[in-house]
Structures are given as structure tokens and as C-alpha cells.
Amino acid sequence: MTKHSWMMAGAAVMALTYGTAQADAPTAADIARAEAHAVATVKAMNADEKTVLTHGIMPLPFGPNSAKVPADAIPGAGYVPGVARLGVPALKESDASLGVAYVNGLRGDGATALPSGLAQAATWNPAILEAGGAMIGSEARAKGFNVLLAGGVNLTRDPRNGRTFEYLSEDPLLSGTLVGAAIRGIQSNGIISTIKHFALNGQETGRKFVDTRISEAAARESDLLAFEIGIEQGQPLSVMCSYNVINGTHGCDHDMLLNTVLKHDWHWKGFVMSDWGAVPSLDTAIHGLDQQSGAQLDPKVFFGADLAAKAKADPKWAARLNDMNKRVLTAIYAAGIDKNDAKPGGAIDFAAHGEVALEAAKQGIVLLKNTGNLLPLAKTAKHIAVIGGYAVAGVLSGGGSSQVDGVGGPKVAIPLGGDGPWASFFSQHYQGVAPLAGIRANAKDANVTYRDGSIIAEAVDQAKKADVAIVFATKWSTEGKDQGDLTLPNGQDALIAAVVAANPHTIVVLETGNPVAMPWLDKVPAVIEAWYSGARGGDAIASVLFGDTNPSGHLPVTFPASTAQLPRPVLDGYWDLETNFSGDPPSPDAKLSANYDIEGSDVGYRWFARTKQKSLFPFGYGLSYTSFANTGLKVNGLKASFTVKNTGARPGATVAQLYLTARGAEAKQRLVGFARVDLKAGEEKPVSVTIDPRLLADWTKDGWTIKGGQYSFALGEDAEHLGTPVTASIAAAKKKD
Ligand code: BGC
């Protein structure tokens, strides 16, 4: 539990508490104890030992200086040797945003794929994220990994970002709360998790050199707040600094972000590891970087002999080197890796873990449109035409370092060309349970046909013969490459338009990692956003289509009506730069910047509110097969209460959303609380929410600053459909950091 003290007007001190950590995930108190142990170990280290934990390799046959892989390394993202004399174990690192990463099958094993980060966030359910984290962590342990490169929490500043699928949302409260839960789950396995990529890593185009320009106030109130909340709630033992440049300085070289914000202001005790190939110089050590990861991707192993020489010559560097070791050791001891390390060859209960993935997928699927209650489908349907999206094989997944595949690998892999070491990452993978199998299992007596959609006439012919047509439309996203626009690729818009013209009972199931445009929307009666739905996605989609699952997902990002609505209608650099997975500049003098001060801290729905624009589908939006009503909103200081009722005929879950709408006369929209509530038909429940004061505040030269006055709040079905506002008197308050 984390407490925050605010100096309220009149000098009263108020403490706020956040969610309670799972019993076995390390708490702040565990970390403080681990730090004392770490200090003692650093004292016992000799000079050679002090530059062992400070750098690692990528134990894979990759990179310009492909490293020698030690015998005890496991194919994965990283390996840092231990110090056996002092009982310090080696760190064995795997990517794990959505499951234990597949690394192109180099380990010869598979893992349970969770739905994408965006899909999990659409549940608005921290318990789902925590269960998913616990599941991933246990699989990682069983494979011998003790550090997971998880916890991606960069805000969706641009829906075209190639990694949007891996991240969570455009809102700091939602993202921070959910990532904290995922990290608690992972670390409950006695292993280390990162939170990443610190910070403001908002696009993949030119990711190693794009300079994101933003004022400190805007950063503190948005992207940094997501990290701050995530760190408080999840207590990650490591932070991964980002590739990009922030206001002129690389993320891993950023004294202000690493030393001032993270370590000083937030009192965070863990270690900062670099992203892979993100270290420009030795001076990064002085600026707050503790460990150089995958060092063969950097120009040099800076944190080995060079660091040792500096420490020998200069007491300031010697002290810094001790601190670097203390921080890595604090993480190791807090996780308990020194006592109970992960070992490869552990048993994995894939059936049980599949249930975790299934529940996340079910709760994250968003029903976008359902005219005339076309859904749910009757199980007695006679003739269903399923079209497109490789629905015969599996569900789409996102590409890059987070790619997970099940045992036996992907069901379909479509290589997208390129060469060099990263080419194999550019391959679309379809995985898990096929939607077609799920549909057939639900409509046992129906004639269910499948056409791949490549020949429109054939799809139309099938649709005409059927009672209902279900078109699966996919759009692949990957780390390393953004999207130029929001359109569905490969003529899928034309396919959908032709099918719905042939059969008005057409349902579109989207499998996308980003918001997409829907030029056919007014013609198609039912649309589901199923995202990348993971190992059991096909079952989850079928369960929603046939009504065993009442959809309850709500959009964690705004779906714009067009890119013209965005703060940057053209994604910076996209059309001028040839991007590749590594994101290296095409020439040494290449320059790129992205001006985040356009929207400042008004990311996503806040930008739409500020500019009074209507989206295609707003943040927070999601339909159900039942209906809900929120009534009786009262706000008293930082406590809000109201009642949520299921006013329909089916059980279901809703996500109550509380928004700040104005501070005095100033219109200002911010999500300040949310609660996912399960309700039987006709049932009502009281809900109370405690508002984090930082969400009411501005960041000023005095830190968090709340102007006293009348603040307005409203419950929203989503960010654009708000109930009647109520006002509350909020006391002036300040908090330094
Ligand atoms: C990604 C990180 C990842 C690392 C190791 C980098 O390219 O940005 O998210 O953890 O590779 O695979």
C-alpha cells in the first residue's frame, strides 16, 4: 500500500490509500528490507564483481556483435551473469507483455497467449490483469526466467502507433491502475517485472531518434502519471528506459526523468535497465541508468571495463557504481530470486492457463453496434456464412518482441518480407482456437460455411445463401512499424460492403491492434471489436456472438472518425522515413521530432473534449445485451458515490466511469474513477470511488497544485455521453512531488 501526503489548505494532512498488494508480491516494506541486504552485499563485492550485474547480453544469435551465449542462458531477450561467490544468481530475462515471448521458436516451446494489452484494458478490470500477470509469471518461472520485460504503459497518444496493441490505454488512471495489477500478478511468482518504456515512447517511426517535445507539466499530468500510479500500485522492481529522445535527451540518458523524477521524487528503489540498443554512452550511468541490456546491440559494452576504470579513478563514479549494484541486488532480494530461483523444465497447466486467457478475452471484447438486436445469434441458426480473417485457422496476434505463440507455434504465419536479423519478426501470426471452430461448436445443427474472402464474388455468393454472414476483418500491428492511416488493409472494406449488400444480416468481427475506420458502418447492423484475442480467442468470440457471454468490454482508446481529428493528423516522419524494426536513423544527420505540447496532457478523449470533436466511437464506449442506469451521483470532497442498476433482462457487467468535467468555469475533462460492476437482471449496487487528487491538479513549479473551488463531475456511459454534472467543493492543496 502506498500513501501520499497532500498539504491541504488549513494545513491538514490527508493520506490516500491505493489497492492492497497480493500477499506474496513484494511490498514497499519488503523492498526496504531488501535494500539493507543489498547494501551489505555491495560492501562484500570486489572491483571485478561490481561490473558483472551492470551489463548483459541478448542470448540469441542476433545483433551486429552477436554475443557468446553462456551454457545456463535460456533463449530469450536477456541474460546477465550472477556473482556465484556471493550467492547472487544470473538474471534470465524474457519479453512477457502478453505471455512468455516465442522468440521465433528458438526455445522449441510455446506459451499461453493472453489477449493484447488493449483487449485486456478493455475489461477495465484490474483483477483480470492481475490474474493474467500471475499466469504469465508462473509460465516464465517454469521455463527458468526470473525477469520479465512486461508492464508496457506508454499512453496511446497516437492510434497509429504500431505498439498500441501491446499497451493499455490513452488515460493515465486506467493505464496506471491496470499495469500495476499486471505487475503485482507477475511479481507474485517471486520474479522481477519491469514497467516500460520510460518515457513518452509514443511512436515507432524513428523510435531511436524521434525527439518528443513536451513541457514538464504536461508530461507529469499524463504519461508520467501513468508510470507513477503503476509503480505505486505494482511496485515493479525494474524500469526499462525508452529508445526515444525526450526534449533533446535519450530516454536512457535522461537525468531529469531517471534521477529526478523516478528515483528522487517517486522514491523508487529498483534498477533501471536499458531498452535493447538504447544506450548512447557511458555517461548514461551518471544520468541514472543502472544496467545495460542486450549490450551487443549498443555501440559498445559501456558498463564493463569502461565503467570499472571510471570507478577506480573517480569517487563520484565509484559511489554511483555501488548504487547501481545496490539497486540490482535490491530487486533480486525483494523478489527472493537468491533463495528460490526459477528453474527450467517446470510443469505448465496449459488448460488452466487457457481459462485465464479466455476470461480476459471474453471481458475485453467490445460490442460496438447491434441494430435490431441482431446479436446474440440464436443457436438454432440454420445457415451461417463465415468469411475472411483466417477464421478457419486462429486469431491474429501482434508482432515484435512481445509475440507469443502456443505449443507447436502459430497456426498460420505470413512472412511480410525483408531480410537481416529482424526479418523473422515481420510475420503475421494467427494462433489459438479458430473462431470458425467456436462458431461450429455453438451452432451444432447449422450449415456453417467458410470462405477466405480473397474472392469477393465467392463471399457474396455464400452470404446470399446464408441466414447470417459473419465477416472477420483483420489488421496486423507490430513493434517497429507504425500505421500510416486507420484503414483496414487488403480490400477488406470493399469485401464488407459487398457482403452486407448481399445479406443485410451481416456481423463484422474486427481483429485489430489499433482503432480502425469503418466506412461501411451505417450499412452493417452489428460490429464487434475482438482485438487480438489470444489463445482462446475463437471461443471468446463465439461465446459473445451466441450470447453465453454478455459483452462488457469498453474502449480504452478513442476511435477517431478520421486522422484529421488527431493532434497530429500526419504521424511525424511516417511518410518521409523508411522505418525498420531497429528504428535506427537512416543517416547520421537524420532528425525527427514530435510535438506533444499540441495536446499536452489532454491525450485521447481529453483532446476530443477540448476541441469539441465527436469521435467514431468514444473512449469508454461499449454496448451490452442488457441495459444499465447510473443514478444518484454525490461527490463529497474526494469521495464519490452512486448507484448502478441493471435495467434489462440479462445478467451483465457495466463499467461506471466518473469524469471531472470542469474546474470552476474552466472546462476540463478527465477520468477520475471507474468501477466494473457485475449485476444480475434487475439488480442494483451502490458504488463508491475515491478520487486521486492528482487528477484534479495541475503540475506547477510547486508540484501538484489544486486550486480550491467548485469542481464539476459527471458519470459517463463513455467520454462523450455524460450524465448531469454535480458540483463539489474541493479544497486548495499542494504536493511537492
Ligand atoms: C523492445 C522492448 C523489449 C526488448 C527486448 C526492444 O526492442 O522495445 O520492449 O523488451 O526489445 O526484446
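Below is a table of values for the structure above.
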| read-out | value |
| --- | --- |
| Any chance Val328 is buried (at least 23 other Cβ atoms within 10 Å of the Cβ), under 30 Å from Thr506 (Cβ atoms) and not basic (Lys, Arg) | no |
| Residue that is closer than 20 Å to Asn370 by Cβ and in contact with a helix residue (DSSP H, G or I) (Cβ under 8 Å, 6 or more places away or on another chain), where the choices are Leu555, Leu616, Leu545 | Leu545 |
| Strands (runs of 3 or more DSSP E) enclosed by region 659-709 - at least 1 residues per element that are closer than 14 Å to Leu633 by Cα | 666-679, 684-690 |
| Elements of type strands (runs of 3 or more DSSP E) contained in region 140-219, each with 1 or more residues being touching a strand residue (DSSP E or B) at 6+ places or on another chain (Cβ under 8 Å), of a type outside the set (A, V, I, L, M, F, W, C) and in contact (Cβ under 8 Å) with a residue 60 or more places away in the chain | 192-198, 211-213 |
| Some residue of region 574-583 being closer than 24 Å to Gly673 by Cβ and β-branched (Val, Ile, Thr) | no |
| Condition met for Asn146 (over 16 Å from Thr558 (Cα atoms) and open to solvent by 10 Å² or more (accessible area, probe 1.4 Å)) | no |
| Residue satisfying all of: in region 168-197; out of contact with any helix residue (DSSP H, G or I) (no Cβ under 6 Å at 6 or more places or on another chain) and within 15 Å of the ligand (Cβ to nearest atom); farthest from Asn595 (Cα to Cα) among these | Thr194 |
| Qualifying residue in region 213-235 (condition: touching a Cys at 6+ places or on another chain (Cβ under 6 Å), under 23 Å from Ala278 (Cα atoms) and not charged (D, E, K, R)) | no |
| Positions within region 265-282 being away from the ligand (no atom under 16 Å from the Cβ) and in contact with a Gly (Cβ under 9 Å, 6 or more places away or on another chain), in sequence order | Asp265 |
| Within region 77-96, tally of residues that are away from the ligand (no atom under 16 Å from the Cβ) and in a loop (DSSP other than H, G, I, E, B) | 5 |
| Residues within region 97-139 that are outside any helix (DSSP H, G or I), out of contact with any helix residue (DSSP H, G or I) (no Cβ under 7 Å at 6 or more places or on another chain) and within 16 Å of the ligand (Cβ to nearest atom), tallied | 5 |
| Cross-chain or 6+ apart pairs with Cβ under 8 Å, region 528-552 first and assigned by TED's automatic domain parsing to the domain that holds Ala393, then open to solvent by 10 Å² or more (accessible area, probe 1.4 Å) and of a type in the set (Asp, Glu) | Arg536/Glu355 |
| Output for region 341-393, where each listed residue is farther than 30 Å from Phe617 by Cβ and either open to solvent by 50 Å² or more (accessible area, probe 1.4 Å) or of a type in the set (Gly, Ala, Ser) (or both) | Ala342, Lys343, Pro344, Gly345, Gly346, Ala347, Asp349, Phe350, Ala351, Ala352, Thr380, Lys382 |
| Matching residues in region 253-282 - criterion: being touching a residue at least 40 places away in the same chain (Cβ under 8 Å), under 20 Å from Ala34 (Cα atoms) and open to solvent by 10 Å² or more (accessible area, probe 1.4 Å) | His264, Trp266, Lys269 |
| Residue satisfying condition, being within 16 Å of the ligand (Cβ to nearest atom) and either without any contact (Cβ under 8 Å) to a residue 40 or more places away in the chain or open to solvent by less than 20 Å² (accessible area, probe 1.4 Å) (or both), within set Ala295, Ala335, Ala285 | Ala295 |
| Verdict on Gln710 being surrounded by fewer than 21 Cβ atoms within 10 Å (Cβ to Cβ), more than 28 Å from Tyr625 (Cα to Cα) and not hydroxyl-bearing (Ser, Thr, Tyr) | yes |
| Residues within region 213-258 that are over 15 Å from the mean Cα position of the chain (by Cα), closer than 19 Å to Ser593 by Cα and acidic (Asp, Glu), tallied | 2 |
| Counted residues, region 456-486 - those being of a type outside the set (Gly, Ala, Ser) and more than 22 Å from the chain's Cα centre (by Cα) | 12 |
| Output for region 619-658, where each listed residue is in contact with a Pro (Cβ under 7 Å, 6 or more places away or on another chain) and not in a loop (DSSP other than H, G, I, E, B) | Leu623, Ser641, Thr643 |
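The values are calculated or read from the model by the stated rules, or taken from the named source; none is laboratory data. For clarity, every value in this text was computed on a predicted model and none was experimentally measured. Here Cβ is always computed from backbone atoms with ideal geometry, including for glycine, and neighbour counts include all displayed protein chains. Quick note on the areas: whole protein, heavy atoms, side chains included, nothing else; ligands and nucleic acids left out. Shrake-Rupley method; radii C 1.70, N 1.55, O 1.52, S 1.80 Å.
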